[in-house]
Amino acid sequence: MNCLAELEPCVGKYCARTVLNNSTCLFTDCQKCARGFRPSQDICVPCTHSAKLYDYMYLIFMFNITAVLHFFYVDKSFALVKKKKNNLQDSKIALVYTLPLVECTLALITTFLFYPPYGSFKLNSCEPREISDWYSVLYNPQIDYDTQLNCTQEIAYPFYSFVMVYLLLVVVFMLVLRPISKYTLFQNGSYAIFINKSTFSALYFVPMIFLIHTIAAGVIYYTYPIITLVVFLISNNFHLSSSVSEEPNKNSLVDSIKKLTTKRNFFIQIVHVYFYAFGIIALTGLHTWFDLLYLLCVPLPLLFFIASYKHTSPKQVSTYCQ
């Protein structure tokens, strides 16, 4: 007995019926599906597809954003402290950088455990098929141009809510771990400046990430590999430009390489290499072994800069133009 043939089609793009009793053809009225379900041919079906590599990379991308912003504000506070005191221990500074990474990692792991299958790093999902899946609130139908039927739901389950839960847990772990670490590991007032300034900054930028994700999650989901590569190519260019000698000369290449191998600059370069590799993996999807060859492009921006920067000095360019 085909129960669906006897039902009227639901209005709206994301309205559907929930099956109450399939044997007696008992369904609900057209409405939004329950959490963890999505509409398919006017019926709410469970989200049982395994998340793809691209989906996991999207979640890691949001993790990357919070971690990098934490690093950025810790680095800014480090510059302020270094102007006042230079007797800072490298091991303690490394711990200050590690602390936000631990917080973000714990938040990400805990969020994975919150979603089915529970207690696993795998995710059951409803694969996003188009950008409108992220904005079901814009597709609530009006019946007879009078009554609006509310069919707003998380079509791109669980990727929309996953990021929100993750950001909330980042703040929770930060507010729990940082006071503890401040009074146990960083009793020196100089190190406390790291903790205080980076914590206050996080209380601003984490809600901003939350708001941006709420509005532009669909756009970010489909463009984050390109965003990663473009943003970090520009960032790396600025960093390299500010690190090397401004006036190219006979010894400038050696001096510049020495500057790039300082602890701070080397760490920044490692971060950029990671994001190049991340962007390439997300963009190619590693569908074949051949896609691994694209990772050979990771050191190219640094090599190109080292080979060409002496020809791009403003004075050098003006000389060429004369």
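For region 246-269, the condition holds for no residue, the condition being that it is modelled with pLDDT under 95, buried (at least 18 other Cβ atoms within 10 Å of the Cβ) and touching a Pro at 6+ places or on another chain (Cβ under 7 Å).
Restricting F210, F238, F205 to those that are among the aromatic types (F, W, Y), exposed (fewer than 12 other Cβ atoms within 10 Å of the Cβ) and assigned to a helix (DSSP H, G or I) reduces the list to F238. Within region 24-33, the only residue that satisfies the criterion of being without any contact (Cβ under 8 Å) to a residue 24 or more places away in the chain and open to solvent by less than 60 Å² (accessible area, probe 1.4 Å) is T28. Considering only residues in region 1-23 that are of a type in the set (D, E, K, R) and at pLDDT 85 or above, the one that is most open to solvent (accessible area, probe 1.4 Å) turns out to be K13. Filtering region 100-134 to residues that are of a type in the set (S, T, Y) and either closer than 20 Å to H49 by Cα or surrounded by 16 or more Cβ atoms within 10 Å (Cβ to Cβ) (or both) leaves T111, Y115, Y118, S120, S125, S132.
Return the residue satisfying two criteria in turn: it lies in region 160-200 and is over 30 Å from Y135 (Cβ atoms), among the hydroxyl-bearing types (S, T, Y) and touching a helix residue (DSSP H, G or I) at 6+ places or on another chain (Cβ under 8 Å), and of such residues it is surrounded by the fewest Cβ atoms within 10 Å (Cβ to Cβ). The residue in question is S190.
For region 144-151, the count of residues that are under 19 Å from I215 (Cα atoms), assigned to a loop (DSSP other than H, G, I, E, B), in contact with a strand residue (DSSP E or B) (Cβ under 9 Å, 6 or more places away or on another chain) and not polar (S, T, N, Q) is at least one.
The values are calculated or read from the model by the stated rules, or taken from the named source; none is laboratory data. All values reported here derive from a predicted model rather than from experimental measurement. Positions of Cβ are generated from backbone atoms using ideal geometry, with glycine treated the same way; all protein chains shown enter the neighbour counts. Keep in mind that these areas ignore ligands, DNA and RNA; they rest on the heavy atoms of the full protein, side chains included. Shrake-Rupley method; radii C 1.70, N 1.55, O 1.52, S 1.80 Å.
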